[in-house]
Every structure is written in C-alpha cells, then in structure tokens.
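Novice: Got a structure here, written out as structure tokens. Questions coming.
The values are calculated or read from the model by the stated rules, or taken from the named source; none is laboratory data. Just so we're clear, the structure is a prediction, and the values are computed from it rather than from any experiment. All Cβ positions, glycine included, derive from the backbone under ideal geometry; neighbour counts span all protein chains shown. For accessibility, only protein heavy atoms count, side chains too; no ligands or nucleic acids. Shrake-Rupley method; radii C 1.70, N 1.55, O 1.52, S 1.80 Å.
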Amino acid sequence: MVQLIVGNKGKGKTKHLLNKVNAEIKEAEGSIVYLDKSPKHMYELNNKVRLIDVSEYLIENTDGFLGFICGIISQDHDLQQMYFDSFLKISQLEDENLLSAIDKLEKISEKFGVDFTLSISKDEHELPEAVKSKIIISL
C-alpha cells in the first residue's frame, strides 16, 4: 500500500508524518524505516524507528532511489513500513515521473509486503488524478 501526505512546502506534512510513524511503532510487529534528506528529525522519532539520511548515499535518479529501497527491503525481512519525508527530493524525482514511481512503489509493496507513506510538497490539485485515491492527508 502506498499512502500520500500532500501539501505545499511549510504546511506541516513532516509533523503529520512523524506523528504517524511514532503512533504506528507502538503497534508494529515488524520494523519501520524513515527516510529523510537529513538527520534533523532524529530526536523526534521513536528510537525503534531506523532513520536513514538519504543525502549520504550517491543517489542520482529515481531508478537509483528505487534500487536503494529494494536493497533496504532485501536486508530486513521483518520490514513492515517505510516513511519518506520530502519524497520528491530524496527520490530525485521529476514531475513527469511521479505516477510511474508511485506505480513501482505499489508493485514493490505488493511483492514484499511493505507499506509506504510519502510526503509530497505539492497541493492535491497538482497531482495526477490516478494517485489522488492514495492521499490520506491533504494540507
């Protein structure tokens, strides 16, 4: 399953994402990973959540990012959920590939049983119609 938290920059998406992660970890049976563009939110996350600072890795495009995600999944068979803050930045995504990237994440989710929650710095009306059903919070 892929879920989206959307809204322009500065609307509070990260706060909602952090609250969701910290609430989910209490009931999670598997592990949870949080990907961000910096370690800035390290102390706001429950210590059971693994924070990965994506900027430390040489990810140059969306395919590289998706390969990175598959690598994380392959190393943790108990992985249950992944949260992506600043998804457009950490995935090196260009607007025209958003639908394709979300479709690939959906396939990865189905194959490996990992749920994804993404924060996207765009208003709901700026997103393709096909992904609007995945929005859980629109700010």
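Novice: Please report, in debye to the nearest 20, how large the charge dipole of the chain is about its Cα centre when each Lys and Arg carries +1 at its beta carbon and each Asp and Glu carries -1 there. Each step should come with its number before you reach the end.
Specialist: On the way: 17 positive and 23 negative charges, 92 e Å.
It comes to approximately 440 debye.
Novice: Along Cα→Cβ, 7 Å out, is where each label goes; now give me the distance between the ones at Ala23 and Gln75 in nm to one decimal.
Specialist: 3.0
Novice: Whole-Hz Karplus ³J(HN,Hα) for the range 108-124, in order, using 6.51 cos²θ - 1.76 cosθ + 1.60 and θ = phi - 60°, x for Gly and Pro?
Specialist: Each residue's phi maps through the Karplus curve to give 4, 4, 5, 5, 10, x, 10, 8, 10, 10, 10, 9, 10, 7, 8, 6, 3 Hz.
Novice: Related question: On a full-extension model of 0.36 nm per residue, what is the gain between Asn47 and Asn8, subtracting their alpha-carbon distance, rounded to one decimal in nm?
Specialist: Values: separation 39, 0.36 × 39 = 14.04 nm, distance 2.86 nm.
Gain on extension, Asn47 to Asn8, equals 11.2 nm.
Novice: Would you mind calculating the gained length between Asp63 and Leu99 on full extension (0.36 nm times residue separation, minus the Cα-Cα distance), in nm to one decimal? Intermediate values should be presented prior to the final figure.
Specialist: On the way: separation 36, 0.36 × 36 = 12.96 nm, distance 1.34 nm.
Gain in length upon complete extension: 11.6 nm.
Novice: So, for the chain, what is the accessible surface per residue at a probe of 1.4 Å, expressed in square angstrom?
Specialist: 55
Novice: Can you give the Kirkwood hydrodynamic radius of the range 52-129 from its Cα pairs, in Å with one decimal?
Specialist: 13.1
Novice: Going by average Cβ density within 10 Å per residue, which order do the peptides 82-90, 3-11, 54-62 take, highest to lowest? Show your work: numbers first, answer last.
Specialist: Details: 82-90: 22.7, 3-11: 17.1, 54-62: 13.1.
Taking the mean over residues of other Cβ atoms within 10 Å, the ranking is 82-90, 3-11, 54-62.
Novice: Follow-up question, since we're still on this one. Suppose R0 equals 30 Å; then what is the FRET efficiency for Gln92 and Glu124 from their Cβ-Cβ distance, rounded to the nearest 0.05? Each step should come with its number before you reach the end.
Specialist: Working: r = 23 Å, r/R0 = 0.76.
Efficiency, from the Cβ-Cβ distance: 0.85.
Novice: Just to be sure I understand the model, the point goes 7 Å from the Cα along the line to the Cβ. What's the resulting Phe112 to Ser55 distance in nm?
Specialist: If labels sit at Phe112 and Ser55, their model points lie 2.5 nm apart.
Novice: Under the Karplus relation 6.51 cos²θ - 1.76 cosθ + 1.60, θ = phi - 60°, what is the ordered set of whole-Hz ³J(HN,Hα) values for the range 29-38, x standing for Gly and Pro?
Specialist: For the range 29-38, the Karplus-derived couplings read 8, x, 8, 10, 10, 10, 9, 9, 8, 7 Hz, x marking Gly and Pro.
Novice: Using a probe of 1.4 angstrom, how much of the accessible area of the range 78-121 is carbon and sulfur, in percent? Display every interim value, and only then the final one.
Specialist: Values: 810 of 1940 Å².
Summing carbon and sulfur atoms, their accessible area is 42 percent of the total for the range 78-121.
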